[in-house]
Each structure stands twice: as C-alpha cells, then as structure tokens.
Amino acid sequence: QVQLVESGGGLVQAGGSLRLSCAASARTYAMGWFRQAPGKEREFVAAILLNGGGTYYADSVAGRFTISRDNAKKTVYLQMSSLKPEDTAVYYCAAELNFSPVLRLRVRNEYDYWGQGTQVTVSS
C-alpha cells in the first residue's frame with residue numbers, strides 16, 4: 001500500500017502560479033498528475049519517471065507546467081505558471097509502481113494509487 005499526500009492547491013488569479021506537492025510513502029516507478037473539472041472526465045496533466053526523470057505533458061499545459069521530483073524525499077512537484085481559468089480543477093497525484101510503457105503513463109487506469117486531490121481555482 002502506497003499513500004500519497006498532496007498539498008499546495010488554492011485560489012490564484014489568471015496569469016499567476018502555484019506549486020503542488022505530492023509526497024509518497026514508498027518508491028515508485030512513475031508519478032503522474034491528473035485533474036478533474038466539474039462535469040468532466042479526469043484528464044492527464046503530466047508524468048515523470050523516477051529513474052532517469054523523463055517527463056511528459058498534456059498539450060494543454062506544455063510550456064506552462066513543469067513536473068519534477070526529489071527522490072530522496074519521495075516527492076513530486078507540479079509547478080504551474082501562466083494559469084488560466086480553464087485550469088480550474090481538482091488535481092490528483094497518482095503512482096505507478098511497476099514498469100509501464102511511456103504512452104500508458106497518460107492513461108488514468110494505468111496507475112496503482114491515488115491521492116485525495118487538491119483544489120486549484122483560477123479566477124479571471
């Protein structure tokens with residue numbers, strides 16, 4: 001069992017920045033961030049491999065969001081900049097324990113554990 005604890009959500013004006021953190025209770029193969037807006041499906045945002053650090057982004061956030069990791073702390077970060085009202089959602093951290101093809105890291109069902117979610121609200 002892996003526990004994931006997220007923090008860092010909040011209210012920010014459009015154009016602003018926020019940094020989300022996700023602390024894991026054990027080492028994982030990969031970590032991902034997903035988000036879910038009201039009335040919408042949960043969607044992929046970003047993912048990172050814990051060994052080698054390969055990073056992957058949804059087109060909607062590429063160039064604005066940066067995912068990073070601190071392996072010693074078993075923590076993954078999502079730095080969000082140039083935020084837009086359409087980024088408003090509950091953001092979830094997810095952990096994949098075993099090898100997964102890169103393309104599968106964008107798939108919600110690929111992940112083994114999920115955090116409780118943290119609300120991000122971007123006002124216009």
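The values are calculated or read from the model by the stated rules, or taken from the named source; none is laboratory data. Since the model is a prediction, treat every value here as computed from it, not as a measurement. So basically every Cβ, Gly included, is an ideal-geometry build from the backbone, and we count neighbours across all protein chains shown. Heads up: the accessible areas ignore ligands, DNA and RNA and are worked out on the full protein's heavy atoms, side chains in. Shrake-Rupley method; radii C 1.70, N 1.55, O 1.52, S 1.80 Å.
Below, the figures for the structure above:
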{"item": "Qualifying position, being open to solvent by 60 Å² or more (accessible area, probe 1.4 Å), part of a strand (DSSP E or B) and of a type in the set (A, V, I, L, M, F, W, C), among LEU11, LEU78, LEU20", "result": "LEU11"}
{"item": "Test: residue in the range 21-28 that is over 14 Å from THR118 (Cα atoms), touching a residue at least 24 places away in the same chain (Cβ under 8 Å) and among the basic types (Lys, Arg)", "result": "yes"}
{"item": "Lone qualifier among ALA30, ALA72 - being open to solvent by less than 60 Å² (accessible area, probe 1.4 Å), on the phi < 0 side of the Ramachandran plot and either more than 14 Å from the chain's Cα centre (by Cα) or not acidic (Asp, Glu) (or both)", "result": "ALA30"}
{"item": "The range 113-124 - residue that is of a type in the set (Gly, Ala, Ser) and either under 17 Å from ALA23 (Cα atoms) or modelled with pLDDT under 95 (or both) and, of those, surrounded by the most Cβ atoms within 10 Å (Cβ to Cβ)", "result": "GLY115"}
{"item": "Hey, ARG64 open to solvent by 40 Å² or more (accessible area, probe 1.4 Å), under 16 Å from VAL120 (Cβ atoms), among the basic types (Lys, Arg) and at pLDDT 95 or above or not", "result": "no"}
{"item": "Selection from the range 81-124 of residues that are part of a loop (DSSP other than H, G, I, E, B) and under 24 Å from ARG27 (Cα atoms)", "result": "LEU97, ASN98, PHE99, SER100, PRO101, VAL107, TYR111, ASP112, GLY115, GLN116, GLY117"}
{"item": "Residue count, the range 98-112 (criterion: in contact (Cβ under 8 Å) with a residue 40 or more places away in the chain and open to solvent by 60 Å² or more (accessible area, probe 1.4 Å))", "result": "6"}
{"item": "Selected residue (criterion: modelled with the highest pLDDT) from residues of the range 80-101 that are over 27 Å from VAL12 (Cα atoms) and hydrophobic (A, V, I, L, M, F, W, C)", "result": "LEU97"}
{"item": "Flag for VAL76 being without any contact (Cβ under 8 Å) to a residue 60 or more places away in the chain, over 24 Å from VAL122 (Cα atoms) and β-branched (Val, Ile, Thr)", "result": "no"}
